[in-house]
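Here is the structure we will look at.
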Amino acid sequence: MLNIILCGAPGSGKGTQSDLIAKKYGLQHLSTGDVLRAEIKSGSELGKEIDALISKGNLVPDHKMNHLIEHYLDTLPADCKGIIFDGFPRTVVQAEALELLLERRNMKAVMIDMFVEEDEVIKRLLERGRTSGRADDNFETIKQRLKIYQDVTKPVCQYYLKKHNYFAINGNNTMEDTFAQIDTILQLIQK
Ligand code: ATP
Ligand code: MG
């Protein structure tokens, strides 16, 4: 199995790259942001709690996210060739939980970390905000999301780096350029 954790700041292009990887390599794409937004849309009580957190740019608690991932892993199709984790793990607690969940299933995952300048991600998110309808694509919330990314999610990259399970790429340029770098890494690690 080819399991990839795609890491990068909000607006770095994780969703776009995940779609491209999923298509070329036939992998399952798990976007935790999309799963949470679907829960909000359902109008459930849980969705309301999640909405209050997301619209302020805050994270959903670890235990809820870990539970969601466990359920996802338990309901994978039998012919699954691998998973792209887009938006998870976002905290070291989540990374530790994922490691255990994967270990128990004889699986492992490698991190690809997309570096994009802060000015560039702000520009992309504000642009997306004009049409996305997302409550968190406004300047104030973007600032909070970037702060959380630096303070809470960046240590997750260190976690994978220390485990020699880590690749970094430059995501500042076109999506084709970014994908070419990811593709090179995937070709290499598949050998
Ligand atoms: P983009 O997808 O454009 O790169 P993003 O990473 O901020 O931006 P999503 O991944 O869609 O956006 O996540 C949106 C929000 O959902 C996050 O700001 C957070 O509140 C919540 N969320 C998503 N994944 C997690 C997670 N693993 N742990 C806690 N909260 C999460
Ligand atoms: Mg996304």
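Here are a few things to note about the model shown:
- Between the amide H of residue 166 and those of 111, distances stay under 5 Å, these residues lying 5 or more places away or on another chain, with hydrogens modeled in the peptide plane.
- ³J(HN,Hα) computed for each position of the range 8-21 - Karplus, 6.51 cos²θ - 1.76 cosθ + 1.60, integer Hz, glycine/proline x: x, 4, x, x, 6, x, 4, x, 4, 5, 4, 4, 5, 5
- Area of residue 14 that stays accessible when all protein chains are in place (1.4 Å probe, Å², to 10): 20 Å²
- Among the lysines of the range 1-66, pairs at least eight places apart or on separate chains and with Cα atoms under 21 Å apart come to 8.
- Candidates 101, 161, 46: whichever shows maximal mean-square fluctuation once the chain is modelled as a Gaussian network with Cα springs under 10 Å: 46
- Calculated log₁₀ intensity ratio I(q)/I(0) where the Debye formula runs over C-alpha points of the chain, q = 0.12, 0.15 Å⁻¹: -0.57, -0.92
- Spatially proximal aspartates and glutamates relative to residue 162 (Cα-Cα < 15 Å; intrachain offsets below 8 disregarded): 96, 99, 113
- Among 151, 113, 51, the largest mean-square fluctuation in a Gaussian network model of the chain, built with springs joining Cα atoms closer than 10 Å, belongs to 151.
- Residue among 65, 111, 175 with the largest mean-square fluctuation in a Gaussian network model of the chain, springs linking Cα atoms under 10 Å: 175
- Ranking by accessible area, most exposed first, for 128, 104, 134, 145 with a 1.4 Å probe: 104, 128, 134, 145
The values are calculated or read from the model by the stated rules, or taken from the named source; none is laboratory data. If you're wondering where the values come from, they're calculated on a predicted model, not measured in any experiment. Ligands, DNA and RNA are stripped out before the accessible areas are found, and what is left, the full protein with its side chains, is counted by its heavy atoms. Shrake-Rupley method; radii C 1.70, N 1.55, O 1.52, S 1.80 Å.
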